[in-house]
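The values are calculated or read from the model by the stated rules, or taken from the named source; none is laboratory data. Not measured: the values here are computed from a predicted model. Cβ coordinates were reconstructed from backbone atoms using ideal geometry, including for glycine residues, and neighbour counts include every protein chain displayed. Calculation scope for accessible area: heavy atoms of the full protein, side chains included, ligands and nucleic acids excluded. Shrake-Rupley method; radii C 1.70, N 1.55, O 1.52, S 1.80 Å.
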Amino acid sequence: MDTAVSPRATEQTALRRILVVNPNGNPEVTRLVSDAATGVLDRATSARVLHPEGSPRSIETRADRAVAEPLAIDLLSRHPGYDAYVMACFDDIAVSGGRRFLEAPIVCAAEAAISVARLFAPRIAIVTTVDTMVPGIRALVAALGAGDICTVRAAGIGVASAAAGGAEISRKLDATIQDARNFDGAGAIILGSGGLPGRARALSARHGIPVIDSIEAALTMAEVAARLRTGQ
């Protein structure tokens, strides 16, 4: 399935073209990512948001990742020619694989969000969905050189539930952010899931702390990379 997103321009008229891949197979997550693209990209940038057919609706275990990653790499391989690419999940799924054959930058949402959050505070925390995601995210944080300043907490909500939203999801996110502030000393929070776009501003206002939407960070960084690549 794919969703064409054109904040102001079509792929034919855009100065910059970005391909965004949601590696899970959940259309609701793809819609949230599409909305995020519409909200943050410049009027001269177009984005096309895709997810692979047959991928798990949530990527919450190693087994889920083993199914999703080759499908995501295959999808990337079938869409050459964009000015930048985004992997819209809080993982490095298909990033290394895509960088081997793509001729344009490919942005990892975790890498982008950590880079932004470090500008705001000396200590940061990632709030993700389920406990099974925590070890992999910690390993990724360490690989990105942020292991000494960044903690990871799970809110105890599935990716699909996070995308669907509701009062209980908000309550769990609020509680987890409070714990990250009170026990980890975090001065900035990253929302570490493709199921959480669109929540950062309200959470930041409610908690009085910078909250970084990892998908928005990745889209913004991809747009910068596309500008640098195209010169416009």
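Odds and ends about this structure:
- Residues satisfying the stated conditions in the stretch 174-191, i.e. over 18 Å from the mean Cα position of the chain (by Cα), crowded, with 19+ Cβ neighbours inside 10 Å and touching a residue at least 60 places away in the same chain (Cβ under 8 Å): Ala186
- Check on Ser96, surrounded by fewer than 21 Cβ atoms within 10 Å (Cβ to Cβ), modelled with pLDDT of 95 or more and farther than 23 Å from Cys150 by Cα: no
- If the condition is being crowded, with 19+ Cβ neighbours inside 10 Å, out of contact with any Lys or Arg (no Cβ under 6 Å at 6 or more places or on another chain) and small (Gly, Ala, Ser), then the stretch 18-61 contributes Ser34, Ala36, Ala37, Ala47, Ser55, Ser58.
- Ser6 satisfies every condition listed in (1) touching a strand residue (DSSP E or B) at 6+ places or on another chain (Cβ under 8 Å); (2) at pLDDT 95 or above; (3) of a type outside the set (Asp, Glu) except (2).
- A residue that is among the polar types (S, T, N, Q) and in a helix (DSSP H, G or I) cannot be found anywhere in the stretch 189-203.
- Matching option when the condition is open to solvent by less than 10 Å² (accessible area, probe 1.4 Å) and in a strand (DSSP E or B), among Ala112, Ala125: Ala125
- Flag if Ala104 is buried (at least 17 other Cβ atoms within 10 Å of the Cβ), in a loop (DSSP other than H, G, I, E, B), at pLDDT below 95 and touching a strand residue (DSSP E or B) at 6+ places or on another chain (Cβ under 8 Å): no
- None of Ala142, Ala146 is open to solvent by less than 10 Å² (accessible area, probe 1.4 Å) and modelled with pLDDT of 95 or more except Ala146.
- Among the residues listed as Arg171, Arg227, the single one being in a helix (DSSP H, G or I), touching a residue at least 40 places away in the same chain (Cβ under 8 Å) and over 16 Å from the mean Cα position of the chain (by Cα): Arg227
- Residue under evaluation Ile157, criteria (1) within 22 Å of Pro27 (Cβ to Cβ); (2) touching a strand residue (DSSP E or B) at 6+ places or on another chain (Cβ under 8 Å), criterion not met: (2)
- Test result for Thr132, β-branched (Val, Ile, Thr), open to solvent by 40 Å² or more (accessible area, probe 1.4 Å), at negative phi and touching a strand residue (DSSP E or B) at 6+ places or on another chain (Cβ under 9 Å): yes
- Consider the stretch 192-232 and keep the residues that are modelled with pLDDT under 95 and polar (S, T, N, Q). The one that is least open to solvent (accessible area, probe 1.4 Å) is Ser193.
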